[in-house]
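Coordinate-derived values only; no laboratory data. This one's a predicted model, so the numbers in the text were calculated from it and none came from an experiment. Here the Cβ positions follow ideal geometry from the backbone for every residue, glycine too, while neighbour counts run over all protein chains shown.
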Amino acid sequence: MDGEFIIGGVFAIHYKELTKIHSYGTAPEPPTCTGSINSRELRFGRAMIFAIEEINNSTELLPGIKLGYKIYDSCASVTVATHVAFQLSNGEDPMIQTGHNCSNVGVVTGVIGDSGSTQSISISRIFGPFNIPLVSHFATCACLSNKQQFPTFFRTIPSDHYQADALAKLVKHFGWTWIGTIYSDSDYGRNGMASFLEAAHREGICVEYTEAFHRTDPKSKIQRVADVIRRSTAIAIVAFIADGDIKFLLEELNQQPSSPRQWIGSEGWITDLQLMRFSFCAGAIGVAIQQSVIPGLGDFLLGLSPSEVAASSVLTDFWEEAFNCSLTRNLMTLKIPYTETSKFRITNMVYKAVYAIAHAIHNAVCQETNFTNTCKKQKGLDLNQVLTELKRVNFTQNGYHVSFDANGDPVASYDVVNWQKSESGDIELVTVGYYDASLPKGHEFRINRNLTWLDGDTEVPVSVCSESCPPGTRKVLQKGKPICCYDCIPCPEGEISNMTDSPDCIPCPGEFWPNARRDGCFPKPVEFLSFDEVLSIILAVFSVSGACLAIITALIFFHHRTTPIVRANNSELSFLLLFSLTLCFLCSLTFIGAPSEWSCMLRHTAFGITFVLCISCVLGKTIVVLMAFKATLPGSNVMKWFGPVQQRMTVVSVTLIQVLICIIWLVVSPPFPVKNLTTYKEKIILECALGSAVGFWAVLGYIGLLAVFCFVLAVLARKLPDNFNEAKMITFSMLIFCAVWITFIPAYVSSPGKFTVAVEIFAILASSFGLILCIFAPKCFIILFQPEKNTKKHLMNKSPM
């Protein structure tokens, strides 16, 4: 529905996303939903429409302003939720805004949703940079209270931090010190269960098992979780789980019921009427959002007409699913969450969320003058203003207070509810107590009504002191008869136990390591700097880029080989230097990949030889510069000893010494691949042993000696006229080179595993880039962008100032 201001809505109306296989030959289709309709989520969406229509008919809230809405189905899928978030962020205005007067025309002023914490996290991360407020009615993950990560997130439902505390106090109240726990393998379940386990530990409660699953998991995994429950000795089970997940577990348990269990439920599923058909869960107890009454909403929900249904594909699917394609039935004859209109819980959170955004918009665009409200009708609204006003909202609607704390959370309060069998045999939801976090410590939790338990008993079931420790743990008795009789201690690092109630753990063989459960040994994973790692890809990209840069530079020099700046800087040595730099860049690629005998020998020798070739060229260029000025003295005949032939002989002889060092190293004790079992206990590092450490440091030392010698000569020549020589640039390049390799030594020695290789590659690339940028970048800049300086006059320092 259109309006001056649009409110978005995101609800998991379907249970899952349709899985599609993309051919990558055509553009992928947008995500779509599949599975049955979640009638409770449909009720949430309809409640949002009801609240918006109620506000539009109000003379006090946003008078004269019409609110519109755009409601999407997230299919309880992160993929679809992300897709929806971008749709809501993009807006509708096809016009391109220019200049400084950009507006958010068409963008929603706020969004209600999602019901799942995982989806809400994804949506909120997208909305954050756009300052779009997201007010959730059912996302309870405590992680969403982090305003640094989720600055635009609010919720009308309490955080799981309080729910976890309430559940722990509930378990402690009834004396259940030995429990099992299951949770949704989602942000809601993982964070909620982590908070609960922390609170349970404070209360002295022991946990027999902790199992996680998701509705999209293979059936075998859900069967495994069900088998864990069947085999367990704990009578009480705390389920911090979403209704869409637990439905699959209860269906699996229903096929082969276990011995009676006492279920303790989170608000995510404990009030779902559809789950009450599982009679073996009778007696379940948990915390729920407080009951509420919303006048007129029941008639709105049940007043669907066939014409309204036919106009909406979602309502049509719902109607066909509910009545088996019949249009003659009445909704009042159904007993599903959609038609439960006597009391509202989560639905009221949707209702309050809509009113919270409406009040924020009202405070942003309306002013009270002469006891009347006047509101500005405007297209688009500064979302920062809505966000600011949303933080300040403080109102009461239908007797229920709405406000947010600094984290965007409301005051936490829950009903304690119990699944009780009626005289007709149906399970009914009965409120038996409350939890209010605003009350003084120790008084937050109170039971004020009789409960019924599993199998209809009136006595509290007993769930204490298990007699078995699962594999992966060992039995350790505690002194002074502890609460749980004995602890099941996980096996220490590197050890396993593969039987129940194992008194000791046994170590795994050298090249093996325990699995996550520590009930079996498996071969340690092998680690090396492989080509498919992000770090390797980055280094390889820099390596290839450097080689390409050297080749491009060589092409530029070759194309301008007759120009003064190329001829004056010893073009033959320049081309040889560029060739050696190309090899330097490419030799770093030999360090990536699984080490082998050939790669270990090649990587170190290729590195040593190419770098000496490179530095010998720089050395030759430096000597030529120095001698060129010596030769200008009267009677000097020194340049005949430093002609092209002598330069070539210098480069060859200097490089030949490194070649001989490498040959001796390879003959006496060459590098070889080795499995490193000492750096990390849980994995094997494949690396190249140096063979002879003397050989390795001799190669590095020779490179360092040449670099220092070249640096000294360049420093001596640095004050010669700039237009004649490149000594200053050589000085900078060798300074960078020496600095890189001096810092390389401690980094190389201290880096563990594959990072040793990464450090070596980094040093090669850094020093190579230093050489090519310092020596050749200024010349290329003059050649390409300042050709007026590429003249003999300028080089002879005769160009006009």
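Each label point was placed 7 Å from the Cα along the Cα-to-Cβ direction; for GLN148 and SER305 their separation is 5.6 nm. Taking 0.36 nm per residue of separation and subtracting the current Cα-Cα distance, fully stretching the chain between PHE512 and THR19 would add 173.7 nm. Entry note, the chain: the mean residue ellipticity at 222 nm calculated from DSSP H runs of n ≥ 4, each adding -39500 (n - 2.57), is -14000 deg cm²/dmol after division by the residues and rounding to the nearest 500. Sorted fewest first by neighbouring Cβ atoms within 10 angstrom, PHE5, PHE737, PHE785, PHE531 come out as PHE785, PHE531, PHE5, PHE737.
Were the residues from LYS343 through GLU29 laid out at 0.36 nm apart, the gain over their Cα-Cα distance would be 109.0 nm.
Considering only alpha-carbon pairs that sit under 8 angstrom and 6 or more positions apart, the relative contact order computed for the stretch 281-376 is 30 percent.
Normalised by the number of residues in the chain, the mean separation of alpha-carbon contacts (under 8 Å, six or more apart) gives a relative contact order of 9 percent.
Among the listed pairs LYS66/LYS335; LYS524/LYS754; LYS247/LYS352; LYS70/LYS352, a Cα-Cα separation exceeding 24 Å is found for LYS66/LYS335; LYS247/LYS352. Give the dimensionless ratio obtained when the Cα radius of gyration of the chain is divided by 2.2 N^0.38 Å. That ratio works out to 1.33. By the rule of a C-alpha distance below 19 Å, with chain neighbours fewer than 8 residues away ignored, the aspartates and glutamates paired with LYS219 are GLU17, ASP185, GLU211, ASP227, ASP243, ASP245, GLU251, GLU252.
Taking the empirical scaling 2.2 N^0.38 Å for compact globular proteins as reference, the stretch 351-442 has a Cα radius of gyration ratio of 1.60. Computed from the C-beta positions of VAL708 and GLU493 and an R0 of 56 Å, the FRET efficiency is 0.75 to the nearest 0.05.
Think of the chain as having a plus end and a minus end, set by charges on the Cβ of Lys, Arg, Asp and Glu; of GLY520, CYS617, ALA12, CYS617 sits farthest toward the positive end of this dipole. When the charge dipole of the chain is built from unit charges on Cβ atoms (+1 for Lys and Arg, -1 for Asp and Glu) and taken about the Cα centre, the candidate among PHE557, VAL393, THR590 whose Cα reaches farthest toward its positive end is PHE557.
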